[in-house]
1. A:Ser76 fails exactly one of the following numbered conditions: (1) farther than 21 Å from B:Ala33 by Cβ; (2) at pLDDT 95 or above; (3) not β-branched (Val, Ile, Thr). What is the number of that condition?
2. Of all residues in segment A:298-325, which are assigned to a loop (DSSP other than H, G, I, E, B), charged (D, E, K, R) and surrounded by 12 or more Cβ atoms within 10 Å (Cβ to Cβ)?
3. Does segment A:76-95 contain at least one residue that is in a helix (DSSP H, G or I), acidic (Asp, Glu) and within 19 Å of A:Phe15 (Cα to Cα)?
4. Restricting the search to segment A:125-145, which residues are more than 20 Å from A:Ile107 (Cβ to Cβ) and acidic (Asp, Glu)?
5. Among (1) at pLDDT below 95; (2) within 22 Å of B:Glu272 (Cβ to Cβ), where does B:Lys96 come up short?
6. Which members of segment B:135-191 meet the condition of being basic (Lys, Arg) and at pLDDT 95 or above?
7. Take A:Leu5 and tell me if it is in contact with a Phe, Trp or Tyr (Cβ under 6 Å, 6 or more places away or on another chain) and surrounded by fewer than 23 Cβ atoms within 10 Å (Cβ to Cβ).
8. Report yes if A:Thr89 is polar (S, T, N, Q), in contact with a strand residue (DSSP E or B) (Cβ under 7 Å, 6 or more places away or on another chain) and either over 26 Å from A:Gly268 (Cα atoms) or within 10 Å of chain B (Cβ to nearest Cβ) (or both), otherwise no.
Number of protein chains: 2
Amino acid sequence: MAADLPGEFEIIERFFSPLSKGVSGAFGLKDDAAVLDCEAGRDFVVTTDCLVSGVHFLADDPPGSIAHKAFAVNGSDLAAMGAKAKAYTLALALPKGTTEAWLIDFIQGISAFLDRFGAALVGGDTVATEGPLTASVTAIGTVGIGQALTRSAAKPGDAIFVSGTIGDGALGLRAARGGLGDLPAYARAFFVDRYRRPTPRLELGHRLVGFASAAIDISDGLLADLEHICRCSNVEARIDLGHIPLSEPAKALVSGAGVDIDELISGGDDYELLFTAPPEMVGEISDLAEEIGLPISRIGVTQQRGEGQSVGTVIDENGRELTHGEIGYRHF
Amino acid sequence: MAADLPGEFEIIERFFSPLSKGVSGAFGLKDDAAVLDCEAGRDFVVTTDCLVSGVHFLADDPPGSIAHKAFAVNGSDLAAMGAKAKAYTLALALPKGTTEAWLIDFIQGISAFLDRFGAALVGGDTVATEGPLTASVTAIGTVGIGQALTRSAAKPGDAIFVSGTIGDGALGLRAARGGLGDLPAYARAFFVDRYRRPTPRLELGHRLVGFASAAIDISDGLLADLEHICRCSNVEARIDLGHIPLSEPAKALVSGAGVDIDELISGGDDYELLFTAPPEMVGEISDLAEEIGLPISRIGVTQQRGEGQSVGTVIDENGRELTHGEIGYRHF
């Protein structure tokens, strides 16, 4: 029992209720459930991701960053479907001994996330656990009827694009664990921030509806997630490793010692959008990138699956098959 | 690492994908999110509840029962809002060492629940934890626009009703822990089943729309949950303890030694519906009970809050104020 945390009802009243941001159907998180209105001409989009301390974030990450990440990874899934965020729920299992100061910082992280990326917290449950902190978020968004972007609609000959820069999240995890040697302080801070506080590409995601053929957010790593698109769409992909967008600090590491591009495209936690589009859309996508101020790089092309090629193959510009051992992170 | 659990993708494919029950927008749980269509004239209703092993169920409960309970407590919240169930998501944190046999039983529990109470699993996340099993379910339902039942619309003079029988869940927890002495085997099994496999009153809940003024499901205990309605509706309640519906095995315990009615109305885990309705609705509610084959008992009346009475007071037929120490279960 942590004497310094108030009871469940006071926690709701003081901490969680304000996160409903005045949405009337949330009833201040004090009723049995929330009521959300349907929007004419739009479908609902729903996703759930669960983060466990020590697995998906480090136990000593700042509470506000943990909160940010729990919401961001779910917002990122909405973005990958071309959806706009509408509401979130949070099921939070707190270790005994959690302090009020910790909770206040965590709540501020949620609040800042919601203010920046839109939508409100409309439901939640806070329980105690003997185990590590576990945060399960469900994100609910909306998309035009029948317009959701999936992993399965890429066609041979589509161009492959990725937003932002790749590999910073994986480098951030190494940096947060004290790795990467004598990295300059600004680079370390940059990588760690990218790992702890990924930016869900919600603005880009819903703008891709009508342009993109298939989309996914990069959580398992560019290579693994591109394989998901290839497998679901029954195509293979050819990417140009020289076109993989890297941040300046990542470029410095790749041109120096110790980090190679294969590692960056295999690392997870980028939360950039990876998508395909018919080649005639290249101009529109370039305009869109400029309009929303987010770099979008064309990194390759999808093609008919080769005779005898296994499902989901990705090759580089020299025809070398790219592999990464396990597909994504193996938890069990 | 439990060598006997397959990897995350195989778990989804073999175990979770069939739980989407053919709902096309769930994409077999293999895309970034699910797409749900809006129903004309209806709102969405959303709730999240999180169950932790050792807190909300016993670690040695059968896996199928744990699954049932995780879904049932969320379905019960939908019922309390007058909603019909449409979809569920599940975030499951599994302890290292979880076996495939355990998971198969758990999945069967979900499948049986969905078949019996309707709706499909449309999203999920399965992760490993060093801590106790944690299951966070989000339930999504629908209700006519503006027709959701809340805790806050009871009026003085409304009749107070409760479905089913009260106290079996709390007795079931005691029985499952080996308490209640030399209980007959059939009674022990009855109580334990009521604790482990509560029945969400979904059929009743959505039929109460248009009849009930306020509603809540009984998770914290009849008394605590009636206090929630009283507080939110700014009324007080007078209940007749002789009218609290008890199962035959519970009656036998109350007339024997060791259990009194105060304990039963303070115990949680009933997952019956507690609701208020204008007195002129009594006939309709009686007809409804008969039609759906579920006993509904009239247990009291709401009244104007007395001068100097604190918010949420519940008194018995003799004017005795009923108290239960902590409001509900205190986790922290």
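The values are calculated or read from the model by the stated rules, or taken from the named source; none is laboratory data. Computed from a predicted model, the values in this text were never measured in an experiment. Virtual Cβ from ideal backbone geometry, glycine too; neighbours counted across all protein chains shown.
1. Of everything listed in (1) farther than 21 Å from B:Ala33 by Cβ; (2) at pLDDT 95 or above; (3) not β-branched (Val, Ile, Thr), A:Ser76 misses just condition (1).
2. A:Arg305, A:Asp316, A:Glu317 - these are the residues of segment A:298-325 that are assigned to a loop (DSSP other than H, G, I, E, B), charged (D, E, K, R) and surrounded by 12 or more Cβ atoms within 10 Å (Cβ to Cβ).
3. no
4. Listed by number, the list holds a single entry, A:Glu130.
5. Result: B:Lys96 passes all but (2).
6. Across segment B:135-191, the qualifying residues are B:Arg151, B:Lys155, B:Arg188.
7. Yes.
8. So A:Thr89 passes the test.
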